[in-house]
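What follows is calculated from the coordinates using simple rules that are stated; it is not laboratory data. Not measured: the values here are computed from a predicted model. Virtual Cβ from ideal backbone geometry, glycine too; neighbours counted across all protein chains shown.
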Amino acid sequence: MELTILICFVLYTLLLFAIMWLTARKGSGNDAFFRAGRKSPWFVVAYGMIGASLSGVTFMSVPGGVYSGQFTYMPLVFGYVLGYVVIAFILLPLYYRLNLTSIYTYLEQRFGTHSERTGALFFIVSRLLGSALRMYLVVFVLYEFVFKSWGIPFWVPAVVFIAIILLYTFRGGLKTVVWTDTLQTTFLLLAAGAAVVAILKELGISYSELMQQSSDAGLTKVLETDVNHNKFWLKQVLSGMFITITMTGLDQDMMQKNLTCPTLRSAQKNVLTSSLLFIVVNILFLSLGAALITYSATTGFALPVNEAGAVVGDKIFPSVAFHLGPFTAIVFILGMVAAGYSSADGTLTALTTTFCYDFLRFGKSGDERRELRVRRLVHVGFALLYLLVIIAFKPFHNQSLIDTLFDVAGFTYGPLLGMYTFGLFTRREVDDRWVPAIAILSPAICYVLKINAPVWFGGYHFGFEILLLNGLLTFVGLLLAKPRKHAV
């Protein structure tokens, strides 16, 4: 079966390169790479955003997380919808009015160069780590279930994946990514849907019967009512809202795709449509999680455990998929590949864009050929950094990856939330030189509070709301950073 999986992987990759050729041959300059010519149909972007946003984390960790968290992920999803409304009616009008390529150029216009580069650097760190963790999960699963049996070391599939992504984004950049994301979304959803259907067929039950059995087993709990719990429903809703505002609305990767729509109105239709689709898609993945656990309980299939005997949520889906037979295994692998590609291709493009515009000042020299050469070198450099993060993370994969991802996001996106909130909702000026120190100090304080909260606050555990506290501390810091008065 491993050979069949490899053949399917090669065919899928060739399909991506065909899309790359079709898009890049119509224009592969800097405007196509950074902005896709601002000609992307809004419905294409909306559909592709599903795969780009969900990626391998949702594909693996959301179904696996049902084992310990039931359906308590859904309040977070409802919060996502509220966040998309904010993006559509507050952030998108700002970005289109200023005609931005890098959204962090706004920080320079509002506060100064130190603020712009601080925001850009926090994005680079955030996105490099977050997207690399998503990609790591894809490589990890393929290694465990395919390449390991061939005696191939972990770093080999990691190199292959990054090389492929680098090659098909090298010329067309965002113009290629917008269209390849549609293909990847299709395969990601197909894999989840096919797995649910296969399990229902194997168990001889309907979807409604599956949900009834899952409810009887206590798997469909949506609202956690314990206020001290890190998944307390209100914390989830608020966290989901601000996670979306920061990890999408203040994220160059996600917004760069939205900004390829020709008009503000079309971009708003794209964002609002995506938000509604996310509800449906996440219900699908949570249903998949319930199906996986019900299958294990009914058939006696042993869920994967670590050395300590604890169930490893990230391995539940692949274990059952491979157990069900060749078709389910192959569809699962293609879904994983699609999830990995959709996460990494846009990220490499966005990292390149941010570095070129916010640090190298692209668009101001007027030398298009020189900027093209520099952009390609930067693109290769970030691909290598991406690869190093993936390889370095392997010894630390010891918990649900979605928790790891949001832990990272809570600390790195918080300063961006505080800076944009201050810039949009106040008219005060700040001493731009203090912004880097404030942006570092805020997450440092939050880290200390997070690890000591159970002792200091009577058993309270911070969840994703650490992001809100981080943004608030940054906001307060900016209030205190008043510009110096000049002598008359």
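Charging the Cβ of each Asp and Glu at -1 and of each Lys and Arg at +1, and nothing else, the dipole of the chain about its Cα centre rounds to 1780 debye. Enumerate the residues in segment 150-172 having an amide nitrogen under 13 Å from the point lying 7 Å beyond the Cα of L3 toward its Cβ. Flagged as within label range: none.
Modelled label positions at R369 and A392, each set 7 Å beyond Cα in the direction of Cβ, lie 3.8 nm from each other.
Taking a temperature of 25 °C and a viscosity of 0.890 mPa s, what whole-number D in µm²/s does Stokes-Einstein yield for segment 60-162 with Rh from Kirkwood over alpha carbon pairs? For the chosen part, D equals 140 µm²/s. For the chain, averaging the sequence separation of C-alpha pairs within contact (under 8 Å, six or more residues apart) and dividing by the residue count gives a relative contact order of 31 percent.
Among M1, M20, M135, a tally of other beta-carbon atoms within 10 Å of each Cβ gives an order, fewest to most, of M1, M20, M135.
The residues C261, C356, when put in order of fewest to most other Cβ atoms within 10 Å, stand as C356, C261. Using a cut-off of 31 Å between Cα atoms, the listed pairs K231/K394; K231/K482; K235/K269; K39/K482; K394/K450; K235/K315 include K231/K482; K39/K482 as exceeding that distance. Segment E144..V408, full-extension length gain: 92.6 nm, with 0.36 nm per residue of separation and the alpha-carbon distance subtracted. Calculated mean residue ellipticity at 222 nm for the chain: -24500 deg cm²/dmol, from DSSP H runs with n ≥ 4 weighted as -39500 (n - 2.57), summed, divided by the residue count and rounded to 500.
Evaluated over the Cα positions of segment 159-302, the convex hull gives a direction-averaged projected area, one quarter of its surface, of 12.4 nm².
Among R171, R25, R38, sorting on how many other beta-carbon atoms sit within 10 Å of each Cβ, with the fewest leading, yields R25, R38, R171. For Cα extents along the principal axes in Å, the value calculated from this model appears in [x] 82, 44, 42; [y] 86, 74, 53; [z] 82, 60, 42 under label [z].
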